[in-house]
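What follows draws every value from the coordinates through simple rules; no lab data is involved. Just so you know, these numbers come straight off a predicted model, no measurement behind them. Methodologically, a virtual Cβ is constructed for each residue, glycine included, from the backbone with ideal geometry; neighbour enumeration extends over all protein chains shown.
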Amino acid sequence: MATTGQGDSAPAVALEGVGRAYGERVALREITFALPAGATVAVFGANGAGKTTLLRILAGLLRPHAGTARVLGAELPREAFRARGRIGLLGHEPMLYRDLTVRENLRFHARLHGVALARIEELVAQVGLAARADEPVRTLSRGMTQRAAICRAALHAPELLLLDEPLANLDPGGAAAVQPLIGRGAGPARVLISHDAEQGLAEADHVLGLRGGRQAIWAPVADVALAEVRRLYA
Amino acid sequence: MRATVAALVRKDLRLELRAFESLPAMLMFSVSTFVLFHFGLDRGSLAGDLAAGVLWVTLLLAAVLGMNRLFVAEREQGGFDGFLMAPVDRTALFVAKALLLFGFLVAVELVAIPAFVVLLLEPGPGQALPELLAVLVLADVGIAVVGTLVGALGVQTRARDLIVPLIALPLLVPVVIAAAEASTPLFEAGGADAFPWRWLLVLGLYDAVFGLLAYAVFDFLLEE
């Protein structure tokens, strides 16, 4: 049997004193936590707390300026190449070309990731986009665009999903349709940014609270009260 | 890497065919510049070094328009992030964009060179056409390589429209000099006999040096 060399209990994400600044402004400082494989951490914090910066560091798109970050056993940024293709990112932007159709966008990403094109049909059917998959992304509603972006993020069956408000713009039917791809029990470890405290807690195994770029909470979800999360936004 | 380059080129060609953002602008610019020279120089026709200078400066400035737009979709629509997270050789992006710019230049020249001949050139290239094609290909490779490198650099900045020409034009001076020197005798009667092969060699060397340089540094340009 093939092994990763990290063992089954190797954390999907392990951060030790991670910090990041933009010029003079410190966006993140001293972030330390370890997320087990297959687990979900819900990240809470007011606007500007550093959530998106954290997500981009984990995606390998930003370098940490302090501390050490390991994602899927790869130390970032030195070994980022080992994590490429194993992470799915769903950020603020859908990362889809507006003038291409949904199917063309997914084919392009499938080719980059070496994924069989048949997987695209599975995904668009799964999220209820099959009938609109040949329309340019710019003509789709926000909800439909979000479904397409979720297909893109889950296309290559990533081991780690980085999700920034994944259910934004989705109607209840859409939210239910994407659950098998990005929801709890989908398989991969998840870092989930949410402003909906109740929903985030329901989805999580661990809670990370950020305030002004600092780690205010890191605890198993059972140990975190809803009021404590809400105070992060006060 | 070939499959990645093919996927990127296919995607970019589709985007260009849907949005028509680069090629029509490059074409319109070059043809209208020749029209302006036709009337502005107040001469029935050009030959020799003046014709070569007008042709190459016009083509270079048209190419800058393409360079400016080369990475815009990647920047504005999240293409960079998607590409950087994929398990592919990052040099594929450079090769694909350089091929695209080279293709745009060839497409522009298919229209612009006949327009140049009709509006300005006397005598026409005639028998010197094979030599002119060799100059065009080598110069286009140099422009595409440097243009892709500078386009990738410029798109990271807010002043993209300013940065790209400011960096690209000085870097491409050797291409203009060599291409114009090589073309000058071709635009004179019986010029093919006196074709200066050494300028073709200069263009080839330029392409090789900047090709290697781009291969070495492109990965770093994609890093934040």
Legend entry - Selection from B:LEU17, B:VAL135, B:GLY66, by position along the positive dipole direction of segment B:1-138 (Cβ): B:LEU17
Legend entry - In degrees, nearest ten, helix B:160-171 long axis to first principal axis of chain B (Cα): 50
Legend entry - Share, in percent, of DSSP beta bridges within the protein assembly as shown that are antiparallel, nearest 5: 55
Inset, instruction - Considering only DSSP beta bridges where both residues belong to segment A:83-234, give the percentage that are antiparallel (nearest 5). - result: 45
Inset, instruction - Let me have the 222 nm mean residue ellipticity of chain A computed from DSSP H runs of 4+ only, each contributing -39500 (n - 2.57), with the sum over all residues rounded to the nearest 500. - result: -8500 deg cm²/dmol
Legend entry - Helix B:173-183 axis, angle to chain B major axis (alpha carbon atoms, nearest 10°): 40
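Could you give the size of the charge dipole of segment A:1-153 about its Cα centre, using +1 on the Cβ of each K and R and -1 on the Cβ of each D and E, expressed in debye and rounded to the nearest 20? The partial results should precede the final answer.
On the way: 21 positive and 13 negative charges, 54 e Å.
Its charge dipole is roughly 260 debye.
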Legend entry - Exposure proxy ranking, count of Cβ atoms within 10 Å, fewest first, for B:VAL175, B:VAL57, A:VAL137: B:VAL57, A:VAL137, B:VAL175
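Within the set of other residues whose C-beta is less than 12 Å from the C-beta of B:ALA52, count the net charge using Lys and Arg as +1 and Asp and Glu as -1.
Values: positive: none; negative: B:ASP49, B:GLU181, B:GLU188.
Residues near B:ALA52 contribute -3 overall.
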Legend entry - Cβ-based charge dipole, the protein assembly as shown, positive-most Cα from B:VAL173, B:LEU121, A:GLY85: A:GLY85
Legend entry - B:VAL173, B:VAL111, A:VAL221 arranged by Cβ crowding within 10 Å, fewest neighbours leading: B:VAL173, B:VAL111, A:VAL221
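For B:LEU169 and A:HIS92, what is the calculated FRET efficiency with R₀ set at 41 Å and r taken between the beta-carbons, to the nearest 0.05? Provide the component values of the computation, followed by the final result.
Working: r = 36 Å, r/R0 = 0.88.
The pair B:LEU169/A:HIS92 has a calculated efficiency of 0.70.
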Legend entry - Packing-based order for A:62-71, A:148-157, using average beta carbon neighbours within 10 Å, highest first: A:148-157, A:62-71
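Per residue of A:98-105, how many C-beta atoms from partner chains lie within 10 Å of its own C-beta, taken as a mean? Show your work: numbers first, answer last.
Numbers: counts 6, 9, 6, 2, 0, 0, 5, 3.
That works out to 4 on average.
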Legend entry - Cα shape, segment B:1-98, gyration tensor, a/c 1.5 rule: prolate
Legend entry - Test item: Cα-centred dipole of chain B, Lys/Arg +1 and Asp/Glu -1 on Cβ, debye: 500
Legend entry - Rounded tilt (10° steps) of A:142-154 against the dominant C-alpha axis of chain A: 80
Legend entry - Selection from A:LEU160, A:ALA204, A:VAL71 lying farthest towards where the dipole of the protein assembly as shown points positive, charges on Cβ: A:ALA204
Inset, instruction - Can you pull a Stokes-Einstein diffusion coefficient for segment A:82-163 at 37 °C (0.692 mPa s), Rh from Kirkwood over Cα pairs, as a whole number of µm²/s? - result: 263
Legend entry - Length-normalised contact order for chain B - Cα pairs under 8 Å, 6+ apart - percent: 29
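Order these peptides, B:140-147, A:176-183, B:65-72, by their mean beta-carbon neighbour count within 10 angstrom, highest first.
Details: B:140-147: 26.8, A:176-183: 18.4, B:65-72: 23.9.
Ranked from most to least packed, the peptides come out as B:140-147, B:65-72, A:176-183.
Over segment A:79-234, calculate the relative contact order: mean separation of alpha carbon pairs under 8 Å at least 6 apart, over the residue count, as a percent.
Dividing the mean separation by the residue count of segment A:79-234 yields 22 percent.
If neighbour count is taken as other Cβ atoms inside 10 Å, put B:SER32, B:SER22, B:SER183 in order from fewest to most.
On the way: B:SER32 12, B:SER22 23, B:SER183 27.
Neighbour counts put them in this order, fewest first: B:SER32, B:SER22, B:SER183.
Over all directions, what mean area does the Cα convex hull of segment B:159-209 project, stated in square nanometres?
On the way: hull surface 17.0 nm².
Taking the Cα atoms of segment B:159-209, their convex hull projects to 4.3 nm² on average.
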Legend entry - Debye log10 I(q)/I(0) for segment A:1-115, one point scatterer per Cα, at q = 0.21 Å⁻¹: -1.23
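How much net charge surrounds A:LEU129 when only other residues with a Cβ under 12 Å from its Cβ are counted (Lys, Arg +1; Asp, Glu -1)? Could the numbers behind the result be given before it?
Numbers: positive: A:ARG103, A:ARG132, A:ARG147, A:ARG152; negative: A:GLU121, A:GLU122, A:ASP134, A:GLU135.
Spelling it out: positives minus negatives among the neighbours equals 0.
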Legend entry - Alpha-carbon gyration tensor eigenvalues x 5, square-rooted, for segment B:44-193, Å: 33, 15, 12
Legend entry - Residue-count net charge about B:ALA178 - beta-carbon cut-off 14 Å; Lys, Arg +1, Asp, Glu -1: -4
Legend entry - Per-residue ³J(HN,Hα) for segment B:203-210, Karplus 6.51 cos²θ - 1.76 cosθ + 1.60, θ = phi - 60°, Hz, x for Gly and Pro: 4, x, 5, 4, 4, 5, 5, 6
Legend entry - Pairwise label distance in nanometres, B:SER45 with A:GLU16, each label 7 Å out on the Cα-Cβ vector: 7.8
Legend entry - Over segment A:84-234: Rg over Rh, Cα atoms, Kirkwood Rh: 1.01
Inset, instruction - Quick one: which residues, 5 or more positions from B:LEU121 or on another chain, have an amide H under 5 Å from its amide H? H modelled 1.01 Å from N in the peptide plane, none for Pro or chain starts. - result: B:LEU46
Legend entry - Stokes-Einstein D for the protein assembly as shown, Kirkwood Rh over Cα pairs, 37 °C, 0.692 mPa s (µm²/s): 134
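Once a ≥ b ≥ c are taken as the square roots of the eigenvalues of the Cα gyration tensor of segment B:1-42, is the result rounded (a/c under 1.5), prolate (a/b larger than b/c) or oblate (a/b not larger than b/c)?
Values: a/c = 8.59, a/b = 3.14, b/c = 2.73.
Prolate shape, in that a/c is at least 1.5 and a/b is the bigger ratio.
About the Cα centre of segment A:127-196, what is the dipole size in debye to 20, counting +1 per Lys and Arg Cβ and -1 per Asp and Glu Cβ, all else neutral?
Numbers: 7 positive and 7 negative charges, 16 e Å.
My answer is approximately 80 debye.
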Legend entry - Shape box of segment B:119-224 [Cα atoms, principal axes, largest first, Å]: 53, 29, 17
